[in-house]
1. So A:GLN228 fits all but one of (1) polar (S, T, N, Q); (2) without any contact (Cβ under 8 Å) to a residue 60 or more places away in the chain; (3) more than 10 Å from chain B (Cβ to nearest Cβ); what number is the exception?
2. Need the failing condition index for A:CYS38 against (1) in a loop (DSSP other than H, G, I, E, B); (2) open to solvent by 30 Å² or more (accessible area, probe 1.4 Å); (3) farther than 19 Å from A:PRO13 by Cβ, just the number.
3. Considering (1) within 14 Å of chain B (Cβ to nearest Cβ); (2) within 19 Å of B:GLU213 (Cβ to Cβ); (3) not in a loop (DSSP other than H, G, I, E, B), say which one A:ALA20 fails and leave the rest.
4. What's the total number of residues in the range B:156-166 that are open to solvent by less than 20 Å² (accessible area, probe 1.4 Å) and either in contact with a strand residue (DSSP E or B) (Cβ under 6 Å, 6 or more places away or on another chain) or touching a residue at least 40 places away in the same chain (Cβ under 8 Å) (or both)?
5. Within the range A:195-211, work out how many residues are at the interface with chain B (Cβ under 10 Å from one of its Cβ atoms) and either under 21 Å from the mean Cα position of the chain (by Cα) or open to solvent by 60 Å² or more (accessible area, probe 1.4 Å) (or both).
6. I need the full set of residues from the range A:61-91 which are within 14 Å of chain B (Cβ to nearest Cβ), charged (D, E, K, R) and part of a helix (DSSP H, G or I), in order please.
7. Give just the number: which of (1) surrounded by fewer than 24 Cβ atoms within 10 Å (Cβ to Cβ); (2) in a helix (DSSP H, G or I) does B:MET134 not satisfy?
8. Going by what's in this entry, would A:ALA65 be described as open to solvent by 40 Å² or more (accessible area, probe 1.4 Å), over 29 Å from A:PRO191 (Cα atoms) and aliphatic (A, V, I, L, M)?
Protein chains: 2
Amino acid sequence: MNDSIRVAEIFGPTIQGEGALIGLPTVFVRTGGCDYRCSWCDSLHAVDAAYRDTWKPMAVTDVMAEIERLSGGRPVMVTLSGGNPAIQPLGPLIRLGREKGYRFALETQGSVARGWFADLDMLVLSPKPPSSGMEMDWAMLGQCAEAADGAQTVLKIVVFDEADYRFAREVAEFLPLLAVYLQPGNHTPPPPDDDSAGVDQAGIDARMRWLVERVTADGWFEARVLPQLHVMLWGNRRGV
Amino acid sequence: MNDSIRVAEIFGPTIQGEGALIGLPTVFVRTGGCDYRCSWCDSLHAVDAAYRDTWKPMAVTDVMAEIERLSGGRPVMVTLSGGNPAIQPLGPLIRLGREKGYRFALETQGSVARGWFADLDMLVLSPKPPSSGMEMDWAMLGQCAEAADGAQTVLKIVVFDEADYRFAREVAEFLPLLAVYLQPGNHTPPPPDDDSAGVDQAGIDARMRWLVERVTADGWFEARVLPQLHVMLWGNRRGV
């Protein structure tokens, strides 16, 4: 069990709903456990210790076997998410999968840097803005970007309001070589135990329109503004 | 007037709502006139000769001045759309804009190849599937891809049904080096003279979910499936 991975869920293939790989078919491996506790977390079932007994320690070969079963044995983009997947020992899984032709993207807030980030096909750094209630460690975010060591790295920043928007601009100035994806926040995240809870999509859409106007009026023409497609299409339903 | 461009509308900056540059701020230059007449055309005001008197012949310098006015003089991605912009003399505009730091993407069905495709930052080839009622010239599509001569080129294919899906797979096999973006069709395109006409977004979303399932079940893991964000956010409203 030494190098086992704590898995909250494995599902797919479905499309990536957000960020740089939006629309691309992918299998998700969501790990359990997080060093953050964002106020608007939309994956509490993989974060809150109350759900810890639903997280399954799995051997690397068992995780890979499940990915291959889901993809029918055809190489596909694997998205490592959480929780914070950076606190799990994912290096061996990434190396094993890549030998079989699979590709790997990892999404993390940038609070823990790992040498194996360099083995990824894409590192998505998603530093949390003021509305999350979390305090960011700028030096550590920089170390995460460095750990990628040439692996494609992008920024994905959730924006709820003007303070979050200014934070996003600061992050982009801090890491000027990285492409930036902005995402309007969902103020109606799913309760961890109610998959059928409603989403205020009209409210999220209004925030998206505001964000488009904010970015274009500001002349920030390099940033991309993208919604959470899976929420638009499937609401808060899990496993899609 | 020799080299003037026939312009239906210039607007933005707003985000690109579809395809490879989805979410990116852009100014649209929509040219008037088209050699196709797709059954579900969503830009008839730039296609149907009945609207020809609304298309304005503009000098290259005047088009560029309007782009610069809209972007506040900051270089932005310019999207050349139509109608079929490939039937307009756009080479001089692209060269002038690039000298000023602007970038250019062009969207065309691939029925007319131009040497100046090679000066683009991105060529979007959007061959029309069977549901359009148009007949595709495969050789000409290949010539368009060749004309790009190394400029980034992608495929964007609208899909309404299974026949369109099979067409998309054929096109991808014909041009295997190009990234593929699939887009669920809008069966409620705007009438050219009624900007406020309703959109059956629920129906389009259902087609999007079908397309995601079709692609993932088929193991076509390289294709990306993306909706028309602008329609989701603003309906059939023009100028956004």
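The values are calculated or read from the model by the stated rules, or taken from the named source; none is laboratory data. Note that the structure is a prediction, hence the values are computed from the model and not measured. Don't worry about glycine lacking a Cβ; one is built from the backbone with ideal geometry, like all the others, and counts go over all protein chains shown. We work out accessible area using only protein heavy atoms, side chains counted, and drop any ligands, DNA or RNA first. Shrake-Rupley method; radii C 1.70, N 1.55, O 1.52, S 1.80 Å.
1. So A:GLN228 meets the others, but not (2).
2. Unmet for A:CYS38, out of (1) in a loop (DSSP other than H, G, I, E, B); (2) open to solvent by 30 Å² or more (accessible area, probe 1.4 Å); (3) farther than 19 Å from A:PRO13 by Cβ: (2).
3. Answer for A:ALA20: the failing condition is (2).
4. So in the range B:156-166, the residues open to solvent by less than 20 Å² (accessible area, probe 1.4 Å) come out as B:156-159, B:164-165.
Still in the list and also either in contact with a strand residue (DSSP E or B) (Cβ under 6 Å, 6 or more places away or on another chain) or touching a residue at least 40 places away in the same chain (Cβ under 8 Å) (or both): B:156-159, B:165.
Selection size over the range B:156-166: 5.
5. Filtering the range A:195-211 for residues at the interface with chain B (Cβ under 10 Å from one of its Cβ atoms) gives A:201, A:205-206, A:208-209, A:211.
Going one step further and asking which of them are either under 21 Å from the mean Cα position of the chain (by Cα) or open to solvent by 60 Å² or more (accessible area, probe 1.4 Å) (or both), we end up with A:201, A:205, A:208-209, A:211.
Final tally of qualifying residues: 5.
6. We begin by selecting, within the range A:61-91, every residue within 14 Å of chain B (Cβ to nearest Cβ); these are A:67-79.
Checking the rest, the ones that are also charged (D, E, K, R) come to A:68-69, A:74.
The answer is A:GLU68, A:ARG69.
7. (2)
8. Working: open to solvent by 40 Å² or more (accessible area, probe 1.4 Å): yes; over 29 Å from A:PRO191 (Cα atoms): yes; aliphatic (A, V, I, L, M): yes.
Criteria met by A:ALA65.
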